[in-house]
Amino acid sequence: MRLTLSLAILLLAGCAAAPEMATAPGQLEATAATITSFTEGPTADAAGNVYFSEIINQRIMKLSVEGKLSVFREGSNTANGLLFDSEGRLVAAEGASLKGAQFGGSPHAAVEMKPRVTRTDLKTGTVEVLTDSYEGKPFVGPNDVTMDAKGRLYFTDMIGGAVYRIDSDKKLTRLLAAPEVQRPNGIMIAPDDKTLYLVEANNQEGGARMLRAYDLGEDGSVSKMRVFHNFYPGRSADGMCMDTKGNLYAVAGLHQKRGTTETLDTKAGVHVFSPDGKLVKFIAVPEDTVTNCTFAGPENMTLYVTAGKGLYQFKNDVAGTRR
């Protein structure tokens with residue numbers, strides 16, 4: 001099934017809504033929740049406020065349940081994937097190796113940054129560094145983060161080519177590394193804690209562009225890798241989210257080529273897979289580059305998708321998880 005998004009844009013300046021576009025018969029309608037610049041890593045708190053990374057301007061944004069857009073944190077250290085833990089603290093994968101200087105004009109371009117994973121107490125504003133190195137070697141670019149029912153955190157170091165787990169006592173364990181993985185990007189754990197999904201996003205010729213699935217043990221270990229879905233030769237997924245029925249929402253594809261070996265075979269949008277790997281739904285997103293997703297809103301029935309300069313929303317028919 002192909003579902004398309006119609007646009008009703010809330011502009012950053014003044015957040016004024018534009019008139020809704022006409023919707024064809026049988027076509028489901030979605031809206032752009034807001035427009036900023038190169039959006040990534042959305043997550044939602046228990047109240048339904050949506051937080052997302054805005055890479056170019058080095059900040060974390062907050063879209064309130066009332067639709068008000070504000071800056072939650074300036075100088076985000078190139079925060080990408082975000083997640084609220086079981087205690088309501090905001091965890092961020094901060095890929096500081098993606099220096100603001102490359103974007104030009106960033107007010108934080110000259111600031112010395114260090115790749116790390118942090119946790120922010122929203123009550124006090126205190127930013128706690130959970131980890132910034134493994135066996136004495138710094139990370140290259142933490143990218144995305146998820147958690148299991150025991151509160152353990154799992155994150156990817158995409159450029160560093162590794163996947164890690166942080167236990168509740170802050171013990172750090174490396175779960176996967178090259179050559180087992182190439183460029184691990186999005187990461188997600190199924191609602192029953194039995195499967196860990198991992199995006200491979202290697203855009204080089206012959207590179208892995210797929211969703212990997214692993215058995216997740218009670219001790220937080222991974223085993224029995226299988227290819228859940230292969231996007232090659234198109235653009236692989238970036239981020240993922242899941243609904244309460246165990247369907248996996250993978251944000252992937254391109255509208256236009258971007259100077260890599262990736263083709264346009266993967267349509268730009270949200271590819272929804274059942275637990276057995278079948279594509280059961282597709283939600284088209286009109287903007288490059290689609291990056292990540294999360295659930296929020298009443299009963300977690302609204303899917304939010306980051307793409308290009310926008311944050312898009314889509315009314316879903318299944319409640320989502322908050323991982």
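Data overview
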item: Segment 243-260, subset out of contact with any His (no Cβ under 8 Å at 6 or more places or on another chain) and under 14 Å from GLY277 (Cβ atoms), residue surrounded by the fewest Cβ atoms within 10 Å (Cβ to Cβ); result: GLY246
item: Filter result for PHE282 (touching a strand residue (DSSP E or B) at 6+ places or on another chain (Cβ under 9 Å), among the hydrophobic types (A, V, I, L, M, F, W, C) and buried (at least 21 other Cβ atoms within 10 Å of the Cβ)); result: no
item: Residues located in segment 241-295, provided they are charged (D, E, K, R) and under 20 Å from THR195 (Cα atoms); result: ASP243, LYS245, ASP276, LYS278
item: Check on GLN256, under 26 Å from GLY48 (Cβ atoms) and either of a type outside the set (Gly, Ala, Ser) or touching a residue at least 12 places away in the same chain (Cβ under 8 Å) (or both); result: no
item: Residue in segment 181-194 that is farthest from the chain's Cα centre (by Cα), counting only those that are under 18 Å from HIS229 (Cβ atoms) and in contact (Cβ under 8 Å) with a residue 40 or more places away in the chain; result: ALA190
item: Residue within segment 288-306 that is charged (D, E, K, R), in a strand (DSSP E or B), surrounded by fewer than 21 Cβ atoms within 10 Å (Cβ to Cβ) and under 19 Å from the mean Cα position of the chain (by Cα) present; result: no
item: Pick from segment 172-230, criterion touching a strand residue (DSSP E or B) at 6+ places or on another chain (Cβ under 6 Å) and hydroxyl-bearing (Ser, Thr, Tyr), ranking: nearest to ASP157 (Cα to Cα); result: THR173
item: Residue that is farthest from the chain's Cα centre (by Cα), among those in segment 129-145 that are surrounded by 24 or more Cβ atoms within 10 Å (Cβ to Cβ) and not aliphatic (A, V, I, L, M); result: PHE139
item: Strands (runs of 3 or more DSSP E) fully within segment 189-285 counting 2 or more residues that are aliphatic (A, V, I, L, M) and touching a Gly at 6+ places or on another chain (Cβ under 9 Å); result: 195-201, 209-216, 237-242, 248-252, 279-284
item: Every pair of residues 6+ apart whose Cβ atoms lie under 7 Å, when the first sits in segment 123-150 and is more than 22 Å from ALA190 (Cβ to Cβ) while the second is among the hydrophobic types (A, V, I, L, M, F, W, C) and exposed (fewer than 11 other Cβ atoms within 10 Å of the Cβ); result: none
item: Set THR34, THR78: member being β-branched (Val, Ile, Thr), modelled with pLDDT under 95 and over 21 Å from ILE166 (Cβ atoms); result: THR34
item: Residue check for ILE60: hydrophobic (A, V, I, L, M, F, W, C), buried (at least 16 other Cβ atoms within 10 Å of the Cβ) and in contact with a helix residue (DSSP H, G or I) (Cβ under 7 Å, 6 or more places away or on another chain); result: no
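Every residue, every condition in (1) under 27 Å from ALA47 (Cα atoms); (2) modelled with pLDDT of 95 or more, yes or no:
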{"residue": "PHE84", "(1), (2)": "yes, yes"}
{"residue": "SER97", "(1), (2)": "no, no"}
{"residue": "LYS123", "(1), (2)": "yes, no"}
{"residue": "THR131", "(1), (2)": "no, yes"}
{"residue": "GLU135", "(1), (2)": "no, yes"}
{"residue": "LEU153", "(1), (2)": "yes, yes"}
{"residue": "ASP157", "(1), (2)": "no, yes"}
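The values are calculated or read from the model by the stated rules, or taken from the named source; none is laboratory data. Only a predicted model underlies this, so the values are computations on that prediction, with no experimental measurement involved. Methodologically, a virtual Cβ is constructed for each residue, glycine included, from the backbone with ideal geometry; neighbour enumeration extends over all protein chains shown.
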